[in-house]
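Encoded as C-alpha cells, the structure appears first; notes follow it.
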Amino acid sequence: MVLSRLGRSGARDERGAVAVVMALLLTVFVIMVALVIDLGIARDTRRQSQNAADASALAAANTLYPFAACPTGGAKPCIADAVAAVKSYALTNFDVSAAAWGSCTATMPSGYVAMGGTTCIAFNSATNPTKVWVKVPTKNVDTAFAGIIGRSQIAVGSQAEAEEMARKQRFYLLIGGVVAAILVLFFLIRWLIS
C-alpha cells in the first residue's frame, strides 16, 4: 500500500502533452507548406521572366544584321528594329508593357550603350553592335501565404545577353540546312522508288 501511494503522488500528470506538441508541429508544417507554395510560384515566374529575356535578346541579335534591308527601311545595323524586337518578344512572353520599359532601370555591363529610351536594353556599340543585353523589367509576384511573416510580394526579374552571328556563319548554316534538306529528299525519293 505504501509503494502505490508513493508511485501515484510522485508521477506527473502528462495528459494532453501530445496535443500541444502536435498543435505546434502542425503550425510549423502549415507555414512551411505555405512558403513552399509561394516560393514555387515565384520560381515559376522567374523562369518565365528568364525565357522572355533569352528570347528577347536572341530576337534582337538576329534582327541587327538581316540578309535583306532593315524592316523599317533604315540602314544596317537595324538598332531600332532590334529594340522593337526586344519589346515585342518581352510583351509576348512575359506581358511586359511599354510603360514598364520606360520605368525600368538597370546597371548595364561596362562598355554597353543604352538604346530604346531605357537602360534595360543595351548594345556593345552605338554604331556597329554585335551584342545585345536585355534586362526584363521586374515584376512583383503576390504571395498568398508569406504575408504571415510580413512578405506580401516577391520581386522577380532576369537578364540575358546574345551575340549576333557573323554573316559568314549564317551563310554556312543556311547552306548546310539546304544541303541537309536535299539529302533527306534524295533518300526519301530513293526509298519510295525501291
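Given +1 at the Cβ of Lys and Arg, -1 at the Cβ of Asp and Glu and no other charges, the dipole of the chain around its Cα centre is 380 debye to the nearest 20. Based on protein heavy atoms only, region 45-194 ends up with 59 Å² per residue of surface accessible to a 1.4 Å probe.
Only one residue of Val156, Ala84, Gly73 has its Cα farthest out toward the positive end of the dipole of the chain, where Lys and Arg carry +1 and Asp and Glu -1 on Cβ, and that residue is Val156.
Roughly how many percent of the accessible protein surface of region 25-179 is carbon and sulfur, given a 1.4 Å probe and a whole-percent answer?
62 percent
Taking 0.36 nm per intervening residue step and subtracting the Cα-Cα distance, what contour gain separates Leu174 from Phe145 on full extension? Please list the in-between numbers first.
On the way: separation 29, 0.36 × 29 = 10.44 nm, distance 5.15 nm.
Extra length from Leu174 to Phe145 when fully extended: 5.3 nm.
Based on DSSP H segments of at least four residues, each scored -39500 (n - 2.57), the chain has a per-residue ellipticity at 222 nm of -19000 deg cm²/dmol. Using the Cβ-Cβ distance between Asp13 and Ile37 with R0 set to 41 Å, the FRET efficiency works out to roughly 0.55. Centroid-to-centroid, using Cα positions, region 61-121 and region 12-57 are 38 Å apart. By the combined test of axial Cα extent (at least 30 Å) and Kyte-Doolittle hydropathy (mean at least 1.0), the qualifying DSSP H helices of the chain come to 17-64, 167-193. Between Thr27 and Leu192, the contour length at 0.36 nm per residue exceeds the alpha carbon distance by 52.6 nm. Just in region 96-194: which trypsin sites (Lys or Arg not before Pro) are loop by DSSP and have at most 12 other Cβ atoms within 10 Å? Of the trypsin sites (Lys or Arg not before Pro), the ones in loops of region 96-194 whose Cβ has at most 12 other Cβ atoms within 10 Å are Arg151. Applying both filters, DSSP loop and at most 14 other Cβ atoms within 10 Å, to the chymotrypsin sites (Phe, Trp or Tyr not before Pro) of region 7-102 gives Phe67.
The values are calculated or read from the model by the stated rules, or taken from the named source; none is laboratory data. This structure is a prediction, so every number in the text was calculated from the model and none was measured. So basically every Cβ, Gly included, is an ideal-geometry build from the backbone, and we count neighbours across all protein chains shown. Only protein heavy atoms, including side chains, enter the accessible area calculation; ligands, DNA and RNA are left aside. Shrake-Rupley method; radii C 1.70, N 1.55, O 1.52, S 1.80 Å.
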